[in-house]
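*Asks:* Sharing a structure with you now.
The values are calculated or read from the model by the stated rules, or taken from the named source; none is laboratory data. All figures in this text were calculated on a predicted structure; none of them were measured in a lab. For neighbour counting, all protein chains shown are included, and Cβ atoms are generated from backbone atoms with ideal geometry for every residue, glycine included. With ligands, DNA and RNA removed, areas are computed over all heavy atoms of the protein, side chains included. Shrake-Rupley method; radii C 1.70, N 1.55, O 1.52, S 1.80 Å.
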Amino acid sequence: MSYSVSPIGFVRSCFKEKFAIPRQPQLAPAARGVLELLAPFDTGEAVQGLEQVSHVWLLFLFHQALEDKPRLKVRPPRLGGNQSVGVFSTRATHRPNGIGQSVVRLERVEAGKLWLSGIDLLDGTPVLDIKPYVPYADCIAEARNDIAASAPPLIPVSWQPAALEQAEQHGRRLGEPLVQLIEQCLAQDPRPAYQQPLPERRYGARLWDVDVHWHYPQPGHICVLELTHE
Ligand code: SAM
C-alpha cells in the first residue's frame, strides 16, 4: 500500500547546508527563516487564526536524507556516533518515509508567508503540514527520555576581533542577528563526535550568504576565525 503527499510550501532558511544546523529546534533562537506557502494555501485563508498562536509544529521531509532502503538501527550523534539503537527511539534524519517534525516559534503571519525562528531546517525543506502547538496537550511535565535527557552541553565560543566585526557588519546588512546565530550554532559543537579537532584544522559552514570559519584552539573550545562572502 502506498500513499502520496505533496508539500504545502518550502522553507527559506538561514541554514544553507546540513553541517552546523542544531540537532533540534529551539536550540538556536536566532535561527530564522520564512515558510513560503504554495497555492492554494497562499491566499491567507489557510493561515487565518494563526496570529493567535506563538509556536507551530512543522511536519516536513528530510529531502536531503531520503533513502530507498529503510534503516532499522541508527547511530545517533547524541550517543557519540558509535552506539546503534532502533531508528524509532531517535530523531535521526535517515528514517522510513523521511518525515521530520519541529516545534518552532511563529514570529509573524501574512498571506502566503510564515516568519519562523528557532528552526533546525535546511534551506529548501519541503513542508507537508503545519499544526498549532497546544500547550495543555503537547507539554508533558513528567515525560522522560533517557537517551536524550537534557539539551546537549554548550561549549564556549570566542572570536578573533576582526571576525566579530565582520559578523556585526553582515548582520546589519542582512537585518539578522548573525552574531547570536553563529554563537548559538557553534556552541552546540557541530563537529562529529568521532573527530578529534586538531587546532590547525579549520571548519566552515554557510549561514545566510556568509561562510563562517572556525577552529578548536583546544578541545571543547571554538574560536571564530573569519567570515567570507562572495
Ligand atoms: N526536529 C526534527 C525532528 O526531530 O524530526 C529534526 C531533527 S534532525 C536530528 C536535525 C538535523 O536534520 C539537523 O541538524 C540537520 O542537519 C538535518 N536537516 C534539517 N533539514 C533537513 C533536510 N531538509 N534534509 C536533510 N536533513 C535535514
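*Asks:* Here are some residues: GLU45, GLU17. Which one is under 17 Å from the mean Cα position of the chain (by Cα) and among the acidic types (Asp, Glu)?
*Replies:* Step by step, each of GLU45, GLU17 is checked, and only GLU17 is under 17 Å from the mean Cα position of the chain (by Cα) and among the acidic types (Asp, Glu).
*Asks:* Taking the criterion of being touching a strand residue (DSSP E or B) at 6+ places or on another chain (Cβ under 6 Å), more than 30 Å from ILE222 (Cα to Cα), touching a residue at least 60 places away in the same chain (Cβ under 8 Å) and of a type in the set (A, V, I, L, M, F, W, C), would at least one residue in region 129-147 satisfy it?
*Replies:* There is at least one residue in region 129-147 that is touching a strand residue (DSSP E or B) at 6+ places or on another chain (Cβ under 6 Å), more than 30 Å from ILE222 (Cα to Cα), touching a residue at least 60 places away in the same chain (Cβ under 8 Å) and of a type in the set (A, V, I, L, M, F, W, C).
*Asks:* Next question. Can you tell me which residues in region 63-78 are touching a residue at least 60 places away in the same chain (Cβ under 8 Å) and open to solvent by less than 40 Å² (accessible area, probe 1.4 Å)?
*Replies:* Within region 63-78, PRO76 is the sole residue that qualifies.
*Asks:* Right, another one. If a residue has to be open to solvent by 50 Å² or more (accessible area, probe 1.4 Å) and either near the ligand (Cβ under 9 Å from one of its atoms) or at positive phi (or both) to count, how many in region 2-43 make the cut?
*Replies:* So the count comes out to 6.
*Asks:* Can you tell me which residues in region 80-95 are more than 10 Å from the ligand (Cβ to nearest atom) and open to solvent by 40 Å² or more (accessible area, probe 1.4 Å)?
*Replies:* Looking only at region 80-95, we keep the residues that are more than 10 Å from the ligand (Cβ to nearest atom), and these are 80-89.
Answer for region 80-95, where residues must be more than 10 Å from the ligand (Cβ to nearest atom) and open to solvent by 40 Å² or more (accessible area, probe 1.4 Å): ASN82, GLN83, SER84, PHE88, SER89.
*Asks:* What are the residue pairs meeting all of these: first residue in region 18-29, first residue among the charged types (D, E, K, R), second residue more than 6 Å from the ligand (Cβ to nearest atom) and open to solvent by 60 Å² or more (accessible area, probe 1.4 Å), Cβ atoms under 8 Å, and 6 or more apart or on different chains?
*Replies:* ARG23/PRO77; ARG23/ARG78
*Asks:* Just wondering, is there one or more residues in region 198-208 that are among the hydrophobic types (A, V, I, L, M, F, W, C), under 30 Å from GLN83 (Cα atoms) and under 16 Å from the mean Cα position of the chain (by Cα)? Reasoning before the result, please.
*Replies:* First, the residues of region 198-208 that are among the hydrophobic types (A, V, I, L, M, F, W, C): 198, 205, 207-208.
Next, from what is left, pick out any that are under 30 Å from GLN83 (Cα atoms): 198, 205.
Narrowing further to those that are under 16 Å from the mean Cα position of the chain (by Cα): 205.
Yes, because at least one residue in region 198-208 is among the hydrophobic types (A, V, I, L, M, F, W, C), under 30 Å from GLN83 (Cα atoms) and under 16 Å from the mean Cα position of the chain (by Cα).
*Asks:* Which of the residues that make up region 57-76 are within 13 Å of the ligand (Cβ to nearest atom) and either among the hydrophobic types (A, V, I, L, M, F, W, C) or at pLDDT below 95 (or both)?
*Replies:* First, the residues of region 57-76 that are within 13 Å of the ligand (Cβ to nearest atom): 57-67, 74-76.
Selection gives TRP57, LEU58, LEU59, PHE60, LEU61, PHE62, ALA65, LEU66, GLU67, VAL74, ARG75, PRO76.
*Asks:* What are the residues in region 106-124 that are within 13 Å of the ligand (Cβ to nearest atom) and not in a strand (DSSP E or B), if any?
*Replies:* Hits for region 106-124 are GLY118, ILE119, ASP120, LEU121, ASP123, GLY124.
*Asks:* Only one of these is within 13 Å of the ligand (Cβ to nearest atom), touching a Gly at 6+ places or on another chain (Cβ under 7 Å) and not in a loop (DSSP other than H, G, I, E, B): VAL127, VAL103. Name it.
*Replies:* Answer to the check: VAL127.
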